[in-house]
Amino acid sequence: MRPFLPSYLGVVLVTVSVIRNVSATAYVQGDWVLTQQGSTGVSALQLAVTGENTIIILDKAEDNPLVTDDGRHAMAAELNLLTRTVRPLNGAVSNVWCAGGGFLSNGTFVNSGGNPAILGSENGLQAVRLFDPCDDETCDIIEDSGVRMRLTSPRWYPGAVRLDDGSLLIAGGSILNSFINIIDINNPTYEFYPPKNINGFNGVQIPMKFLNDTLNANLFPYMALLPDGTIFVAANTQSMIFDWKTNTERRLPDIPNGIRMSYPYSGSAALLPLTPENNYTPEILICGGSNISDTLDGNLISSQTPASNQCSRMVLTNEGIETGWITEEMPIARTMGELFALPDGRMILVNGAQTGFSGYSFGADPIGDSTADHPSFTPVVYDPEAPEGQRFSTSGIPTTNIARLYHSTATMTANGTIFIAGSNPHENLCFDQYPTEYRAEYLDPPYMFLPRPSIAEVPTHIGYNQSFDLEIELPGENDINVTVILMDLGYSTHGVHQSSRYVRLVSNLSGNSTSMTVTGPPTPQIYPPGPAYLYVVTAEGVPSPGKKVIIGDGQSPPVDEDAIQKYGFPVVRLLRGTDISPFCNSMFDETRPPNITFSQVRQTPACQVSGGGESITGSFPPVTVTGETTLLPPTPLSSIPSPITDPQSLPTSVLLQTSEPTEARITVISSFTPASELPSFSAEVTSVQ
């Protein structure tokens, strides 16, 4: 059964052939399905999965088509994955542009930092925004633009990671918006949310030498909590293991061949799956990026400069560090890619470009405003357990016609579908060759089309080393080697997946294969307290739909009252509708409230195609392609009438390009007309190439 399939979906299908491959990593081979359907309402600059059927989408302040209840252009939206529609979130008032994010141990989503005020927004550089997820569409963002609920210092492009006590560590960024970080605007510090009295710093930011040493290209540093409670940190060409409890740094070998992995030469990084079989041994994978010098003037760098096709792996043990990084080559080069885990234990890399760098309005030869070119239209899968030289594959994966460049995002969803959105290399809405993008895509791996396991019920909370039972239904009688995994689907922005994580649990299947006894994560360092999605995966790599659980007791992170007095805001879980005024009565001993109207003088680019796309809200018929098919050419948004009122005005010819003979079944269902009233439809092959 197709997941999330509304009745009005229009489909182009190619016959699916699925085979099973049981190897070191078991997974399903066959055709993937890509569906372009609906709109994100705001351009998807940031994403986080907030529930089994919901995603929060955040953007910068711009003239988005989605409007808040009080008539403002929305900066945030909630996507319902069942209906594939969005609703505006009204509470975002400070500029969310390039903020960091993550979840606390109680499940509250925290979005921190941002950009100075523009286009009617307020200054977001020190803002903290809270969102308590719900299932009834009544939840909204809570913030006050940093007046009381704020970071200790301005942060644009900060990294964030959830710790083993359920709090967030927020690090780096710059104090102003700039093409690249420089010493004058660098913020080489870290802090905690909620604040801590630690390492001689009471509730305020703490210096981090690494963030000075990695200038200039060190924005959005990648961070991952390791099973011993330390943090892996990577920025520019460097990496380290950071002990936040003692404020000590252990430097690691540089990324090979001078490849820079953080903004604006953005590569992608991920912590590979932690399993009992590998003794929860951490291993890091870094793919793509660029070897462009970080001292070059941005106006001298070409959008045609090749990105890197290098992937580097390192096991973070003493022996692995002594061995250093092991490199291999991707099928194509990629910068600004999104790298994250599939439920079957493989990694997927989507979005990005083959040349150029992150940003807009800079460069020696921008494409419109974009400083990148040659989009990476085809996702690639990486199997970390396969033999070297056999780990990358694009087999069966469709090629999109939507460029996903700067400010694009992607995430795994609870159901197992990959959600892809965004791309906006512009200051405000623009619909040139690489437009402000609102179209959403859903990429279904082959496992979505096989009978899948199901979980009847899960506990709301799972304790550490706690044994619990799952009632399950397996698709086959001979399913024996079934596993249970937890995934933190993380927070995605600028190719950085903050706090994302894959952990396999110890489990045993009952004799009649109708239940499993499962043991929770061994320690908070292996899976930090907070939200997780639990999957049952068959021996063939077919996952159940994920069930949302809370690891730990679901309580708020520890609160240090003395640090709060310095910080000025007692951080508690703010339930929907809670009046925050009783919690805002302490003095600010060490931090100053920001000027909420502060704006930064900027020379904004002039969009060459400013009209023709503002009303693209997903009302056009969806399109689906299957297998190794290329949907070409892309239909320019400026060629589609605005607003769309008549499906007959849409393009009527599509080129499906495939390297093999293709049998196609074409079904067109209009979202404007009941199926019973559809006119007849015919199609013919006009050319074979």
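Given R₀ = 51 Å, FRET efficiency for THR378-SER510 by Cβ-Cβ distance, to 0.05? After rounding, the FRET efficiency stands at 0.75. Segment 43-112 and segment 171-206 have Cα centres lying 24 Å from one another. Summarising the amide proton neighbourhood of ALA127: residues at separation of 5 or more, or on other chains, whose placed amide H is nearer than 5 Å comprise GLY113, LEU151. Karplus-derived 3J(HN,Hα) values for segment 445-450, using 6.51 cos²θ - 1.76 cosθ + 1.60 with θ = phi - 60°, are x, x, 5, 5, 10, 10 Hz; glycine and proline are entered as x. Of all beta bridges that DSSP places with both ends in segment 454-551, some 95 percent have antiparallel geometry.
Between ALA539 and SER454, the distance separating the two model label sites (each 7 Å from Cα on the Cα→Cβ line) works out to 2.4 nm. Shown here for segment 305-402: GluC sites (Glu not before Pro) in loop regions (DSSP other than H, G, I, E, B) with at most 13 other Cβ atoms within 10 Å, namely GLU388.
Phi angles of segment 110-126 translate, via the Karplus equation with coefficients 6.51, -1.76, 1.60 and θ = phi - 60°, into HN-Hα couplings of 10, 10, 10, x, x, 9, x, 5, 8, 6, x, 7, 9, 4, x, 4, 10 Hz per residue; Gly and Pro are given as x. Taking only alpha carbon atoms, segment 454-551 gives an Rg to Rh ratio of 0.98, where Rh is the Kirkwood radius. Once backbone amide H atoms are built at 1.01 Å from N, GLY91 has ILE141 as its partners under 5 Å, excluding neighbours fewer than 5 places away on the same chain. In this structure, ASN481 and ASP228 have a Cβ-Cβ separation that, at R0 = 35 Å, corresponds to a calculated FRET efficiency of about 0.75. Our estimate of slack between GLU388 and THR323, defined as 0.36 nm per intervening residue step minus the Cα-Cα distance, is 21.8 nm.
Across segment 276-353, the relative contact order, built from alpha-carbon pairs under 8 Å that are at least six residues apart, equals 28 percent. Extending 7 Å from the Cα toward the beta-carbon at both PHE598 and THR517 defines two label points whose distance is 5.8 nm. In terms of its Cα atoms, segment 322-372 spans 39, 30, 18 Å along the principal axes, sorted from long to short. Rounded to the nearest 0.05, the FRET efficiency derived from the C-beta distance between CYS134 and GLN466 at R0 = 22 Å is 0.25. Across segment 175-296, the mean sequence separation of Cα contacts (distance under 8 Å, 6 or more residues apart), normalised by length, yields a relative contact order of 18 percent. Computed from backbone phi with θ = phi - 60° and the Karplus coefficients 6.51, -1.76 and 1.60, the 3J(HN,Hα) list for segment 156-163 is 10, 6, x, x, 8, 8, 7, 9 Hz; x is used for glycine and proline. The alpha carbon centroids of segment 276-300 and segment 312-349 are separated by 9 Å. Compared with the alpha-carbon gap, the fully stretched path from ASP70 to SER556 is longer by 171.8 nm at 0.36 nm per residue.
Roughly how many whole Å is it from the C-alpha centroid of segment 532-551 to that of segment 401-465? Segment 532-551 and segment 401-465 have Cα centres separated by 17 Å.
Any read-out appearing in this document is the output of simple, stated calculations on the displayed coordinates, not a laboratory observation. Here the structure is a predicted model, which means the values were calculated and not measured. No Cβ is skipped: glycine too gets one built from the backbone with ideal geometry, and neighbour counts run over all protein chains shown.
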